[in-house]
Structure formats: structure tokens, C-alpha cells
Amino acid sequence: MRLLTASLTASLALSLLALLPSSVAGQVERTALSEYRAGLMNTLSTHNASLRAIRSGEVSHPDHLLHHARGIDAVTQMLTAVWPEGSGGEGTRASTTIWENGEDFRTKVRALREAAMRLREGAEAGDMGAVDAAMSDVGQTCRACHSDYRTRAN
Ligand code: HEC
């Protein structure tokens, strides 16, 4: 009986712990907007990795190339609008310096948008030289922005 009570108490304690907001449990919960942005970013990452696998011949789906290029193009159209003032800092990986250096940040968003358009145009034209050049530009714009404006993962 005492054993049963002890294990009931333990499981009650565990379920109560699960009910606590994650910030109390030591980890800051992400904001909905940050989750949404992460979703867009992860979509970019997936399309990008798929493009690389196709161009390197690792997977033989050259007919998918245009879809991935259009996917990146589509996401970068949404990316311009998801940084309202004050939506960085705690609960996100977005550095608050985004709004201190607004002009530079917008330039970096635009650089990705333009590389994505070149990528889509190259893919539509079937011009693999243009696709490869644009893929490399896309990759550089990701890194350039992250090194300045993305904070470490928790
Ligand atoms: C103009 C700036 C900028 C550009 C360009 C950019 N990112 Fe990001 N990225 C961010 C910021 C800021 C975050 C953190 C967002 C947040 O937590 O709210 C982020 C987060 C991420 C994450 C982490 C998502 C998660 O689960 O937390 C991945 C992956 C990512 N970006 C991939 C990419 C890829 C791939 C590209 C290029 C195709 C790219 N990003 C281009 C600013 C940028």
C-alpha cells in the first residue's frame, strides 16, 4: 500500500511538472511567430538540401528541380513580412539587433529574395549554370544573415 502511494505521488508529481509552462521548467517557450518563422526557414533548408542532392546526382529526380526552386521562391516572398518590431529576443532565435540595424537586415532579406528569383528563373529556363550560381548565392545569403541576426539554439 505504501509502495502504491509512493508511486502514485511520483506520477502525480510528474504530471504536475508536465503542466508547468516550459519557462518554469528551465526552458523558454518559443513564441508562435518564432515557430512560424522557423517553419519557413526549415522549409527553405529542406528545398535547398533537396536541390543539392539533385544537382550532385545523389538522387535522380531532375524533374523535381523546378518544384524545389519554386518552393524557395515562394517562401522568400513570405519572408519579407514576418519581422514586426519587437518580435525577437526571448522565446526566439531572432536577435534584437534586427531592429537596431533594420536597413542592413532588410538588405539581407532582399539579397535572398533576389537570389531565389534568379534560381527560379534559371530552373524555368533549364539553365543549370544559372541554377548552380544562384544556389551558391542563396547559400551565402543564408549564412550572411545567420551570422549577424540568428542567435544560438537553446
Ligand atoms: C535575412 C535574414 C535571414 C536569411 C536570409 C535566412 N535566415 Fe534563416 N533564420 C534567420 C533568423 C533571424 C532565424 C531565427 C528566427 C526565429 O527564431 O524567430 C533563422 C532561423 C533559421 C533556422 C532555424 C529554424 C529553427 O527550427 O529554429 C534554419 C534551419 C534556417 N534559418 C535556415 C535558413 C536557410 C536555409 C536560409 C537560406 C535559404 C535562411 N535561413 C536564410 C534569419 C535569416
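The values are calculated or read from the model by the stated rules, or taken from the named source; none is laboratory data. Just so we're clear, the structure is a prediction, and the values are computed from it rather than from any experiment. Every residue, glycine among them, receives a Cβ derived from its backbone with ideal geometry; neighbour counts consider all protein chains shown.
If you check 104, 137, 127, which single one turns out to be in contact with a helix residue (DSSP H, G or I) (Cβ under 7 Å, 6 or more places away or on another chain) and farther than 30 Å from residue 27 by Cα?
Testing whether each residue is in contact with a helix residue (DSSP H, G or I) (Cβ under 7 Å, 6 or more places away or on another chain) and farther than 30 Å from residue 27 by Cα leaves just 137.
Checking residue 80 against (1) more than 14 Å from the chain's Cα centre (by Cα); (2) near the ligand (Cβ under 10 Å from one of its atoms); (3) without any contact (Cβ under 8 Å) to a residue 40 or more places away in the chain, which single condition isn't satisfied?
Exception for residue 80: condition (1).
Pairs, please: C-beta under 7 Å, at least 6 apart or cross-chain, first residue in contact (Cβ under 8 Å) with a residue 12 or more places away in the chain and in segment 92-109, second aromatic (Phe, Trp, Tyr) and in a helix (DSSP H, G or I)?
94/149; 95/149; 97/149; 98/105; 98/149; 105/149
In segment 137-154, what count of residues is obtained for those that are within 9 Å of the ligand (Cβ to nearest atom) and either at pLDDT below 95 or in contact with a Cys (Cβ under 9 Å, 6 or more places away or on another chain) (or both)?
1
So that you can scan it fast, the table gives a plain yes or no per residue for (1) closer than 30 Å to residue 27 by Cβ; (2) within 9 Å of the ligand (Cβ to nearest atom); (3) not hydroxyl-bearing (Ser, Thr, Tyr):
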{"residue": "53", "(1), (2), (3)": "no, no, yes"}
{"residue": "67", "(1), (2), (3)": "no, no, yes"}
{"residue": "76", "(1), (2), (3)": "no, yes, no"}
{"residue": "86", "(1), (2), (3)": "yes, no, yes"}
{"residue": "94", "(1), (2), (3)": "yes, yes, yes"}
{"residue": "100", "(1), (2), (3)": "yes, no, yes"}
{"residue": "113", "(1), (2), (3)": "no, yes, yes"}
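When only residues in segment 80-95 that are buried (at least 17 other Cβ atoms within 10 Å of the Cβ) and of a type outside the set (Gly, Ala, Ser) count, which is nearest to residue 144 (Cα to Cα)?
Selected residue: 93.
For the condition modelled with pLDDT of 95 or more, of a type in the set (Gly, Ala, Ser) and out of contact with any strand residue (DSSP E or B) (no Cβ under 9 Å at 6 or more places or on another chain), what is the one hit in 94, 134?
The conditions single out 134.
Of all the residues that make up segment 34-77, how many are over 13 Å from residue 135 (Cα atoms) and over 16 Å from the mean Cα position of the chain (by Cα)?
Count: 9.
Those residues that are buried (at least 17 other Cβ atoms within 10 Å of the Cβ) and not aromatic (Phe, Trp, Tyr), I need them from segment 96-108; list them, please.
Those that are buried (at least 17 other Cβ atoms within 10 Å of the Cβ) and not aromatic (Phe, Trp, Tyr): 98, 108.
Under 7 Å by Cβ, and 6 or more places apart or on different chains, what pairs join a residue from segment 33-50 that is touching a residue at least 40 places away in the same chain (Cβ under 8 Å) with one that is part of a helix (DSSP H, G or I) and of a type outside the set (Gly, Ala, Ser)?
From residues that are touching a residue at least 40 places away in the same chain (Cβ under 8 Å), the pairs are 40/75; 40/78; 40/79; 44/72; 44/75; 48/72; 48/138.
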